[in-house]
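Data first, discussion second: the structure below is written as structure tokens.
The values are calculated or read from the model by the stated rules, or taken from the named source; none is laboratory data. Since the structure is predicted, the reported quantities are computational estimates derived from the model, not experimental observations. Glycine also receives a Cβ, built like all others from the backbone with ideal geometry; neighbour counts cover every protein chain displayed. In case anyone asks, the SASA skips ligands and DNA or RNA and just uses the protein heavy atoms, side chains included. Shrake-Rupley method; radii C 1.70, N 1.55, O 1.52, S 1.80 Å.
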Amino acid sequence: MKPTALVVDDEPDLCELLSITLDRMDISTRTCNDVAAAKSALGKRAYDLCLTDMRLPDGDGLELVEWIQHEVPGTPVAVITAHGSVETAVRALKAGAFDFVSKPLDLNDLRKLVTAALKLGDVDHPTTTGSSGLTGTSPAIERVRELIGKVARSQAPVFISGESGTGKELVARMVHEAGPRSDGPFVPINCGAIPTELMESELFGHQKGSFTGAVSDKTGLVQAAEGGTLFLDEVADLPLHMQVKLLRVIQEKAIRPVGASQELPVDVRILSATHRNLEELVAVGSFREDLYYRINVIELHVPALRDRGDDVRLLADDILARLANDMGLPKPSLSRAAWAALAAYRFPGNVRELENILERAITLASGNEIDVGDIQLRHTEDEEATTVSDESLGTHLEEIERERIVNALEQTRYNKTAAAKLLGISFRALRYRIKKLGID
């Protein structure tokens with residue numbers, strides 16, 4: 001059965017152009033000239049897509065977008081905006097529009113938008129548990145799942161906020177996988193890990209000979225995400241000159257590789273995240289206000305682990321099963337004292353810290369039960385205000401662990417069985433740690 005689209009516009013020429021384009025895509029089309037007629041049509045039958053102009057004789061497209069969200073929420077609606085009307089487009093996306101297209105219409109962009117909208121009926125709901133989804137049953141994490149389902153249906157930029165270690169990249173992947181771009185690439189970029197002088201080339205690519213060392217053309221990470229999702233982690237670490245270029249990518253949907261004379265069109269959805277407070281950074285001038293409003297069209301907050309109640313037990317159980325499988329060991333259990341200690345702990349490093357704690361605990365445990373002494377929780381007077389980040393603490397502990405393992409190997413002339421016995425751990429656990437820590 002052919003999909004159907006409702007076109008709402010009072011310009012006969014534009015309605016004809018849209019009808020012809022959609023007909024060539026094998027989509028049946030009905031046209032309306034105003035908001036009232038559109039509401040009447042949408043109330044009588046279901047449509048697979050609605051395309052509406054923002055300026056209509058009896059109101060505006062924004063009113064229709066909001067009405068659709070309440071009355072026929074399963075209908076994706078895209079708006080047609082005047083060229084350069086960034087604020088209008090953002091308002092429409094915030095109101096629930098699936099996407100927008102600017103006048104004069106680029107028919108290639110329009111076809112991509114329509115194709116993505118029609119895929120919405122085929123995508124799966126977000127995974128609720130397991131290694132590829134969010135484990136937990138707390139109200140806080142259920143709310144995140146609900147929001148993922150909603151934002152996945154849109155093409156609007158999403159800003160994922162939350163403390164370090166809460167699982168922001170996992171949430172970004174779930175938004176990608178639950179949306180119409182799931183068959184495209186998901187490209188994560190840690191903005192804080194790329195040297196400033198290489199950032200433009202890494203993101204946008206370069207042409208051969210554009211600078212010393214550019215011996216061939218290179219495709220940038222933004223282009224690598226074509227047709228899919230670009231996830232900018234720690235976006236607050238972008239230098240100001242790159243913030244300007246990112247803003248252009250979002251607004252113009254185009255990039256210019258280093259050394260190129262022309263821009264290249266790109267079709268990517270942008271998700272971003274940081275554990276820092278962007279509003280404070282905007283206030284002090286280290287993050288552009290216009291970029292903040294463009295990436296923060298929809299905000300999705302990931303709760304801290306300490307706010308997720310009994311999810312700690314469920315997460316710990318899943319993590320232990322996965323780690324034991326990776327190590328080739330039977331799944332260990334946690335003693336009652338160990339469970340009590342984890343339940344009382346504040347987890348300033350969140351889920352990432354829980355994983356690190358349990359990974360070390362499996363290594364340290366002498367048997368198949370992890371006791372309170374094996375989990376090595378850190379304690380400060382105010383754990384949330386600690387100045388030592390979870391990442392730096394984890395790195396420090398890994399250095400200590402690496403040194404202990406290397407010393408044991410040297411003492412036993414690299415006899416791993418003897419070294420494991422000296423360290424008081426199993427041979428399989430030692431082999432896993434050697435691989436994990438990159439010890440030759």
Report summary line: Those chymotrypsin sites (Phe, Trp or Tyr not before Pro) from the range 176-211 that are DSSP loop and have at most 16 other Cβ neighbours within 10 Å turn out to be Phe211
Report task. Kindly express, to the nearest 10 degrees and within the range 0 to 90, the angle between helix 168-177's C-alpha long axis and the longest C-alpha principal axis of the chain. Result -> 40 degrees
Report task. Compare the peptides 324-330, 412-418, 113-119 by average per-residue count of other Cβ atoms within 10 angstrom and give them in order, highest first. Result -> 113-119, 324-330, 412-418
Requested in this report: Past 27 Å, Cα to Cα, is the threshold; run Lys39/Lys119; Lys2/Lys168; Lys94/Lys253; Lys168/Lys421 against it and keep the listed order.
Outcome: Lys2/Lys168; Lys168/Lys421
Report task. Return the calculated 222 nm mean residue ellipticity for the chain, to the nearest 500 deg cm²/dmol, obtained by summing -39500 (n - 2.57) across DSSP H runs with n ≥ 4 and dividing by the residue count. Result -> -14000 deg cm²/dmol
Requested in this report: Excluding residues on the same chain fewer than 8 positions from Lys112, give the aspartates and glutamates whose Cα lies under 12 Å from its Cα.
Outcome: Asp99, Glu226, Asp267
Query raised in the report: How would you rank 238-251, 190-203, 149-162, highest first, on the average number of other Cβ atoms within 10 Å across their residues?
Result: 149-162, 238-251, 190-203
Query raised in the report: How much accessible area does His70 have with a 1.4 Å probe, in Å² rounded to the nearest 10?
Result: 150 Å²
Report summary line: Mean separation of Cα contacts under 8 Å (at least 6 apart) over the residue count of the chain, i.e. the relative contact order in percent, is 12 percent
Requested in this report: Please give, to one decimal in nm, the separation of the simple spin-label points placed at Ala418 and Glu87, each 7 Å out from Cα toward the Cβ.
Outcome: 7.7 nm
Query raised in the report: What is the distance in Å between the Cα centres of the range 1-29 and the range 151-201?
Result: 33 Å
Report summary line: Quick calc, Glu398 & Lys2: beta-carbon distance into FRET formula, R0 60 Å, rounding 0.05, result 0.55
**Report entry** Cross-link partners of Lys208 among aspartates and glutamates (Cα-Cα below 14 Å; sequence separation of 8 or more within a chain)
**Finding:** Asp217
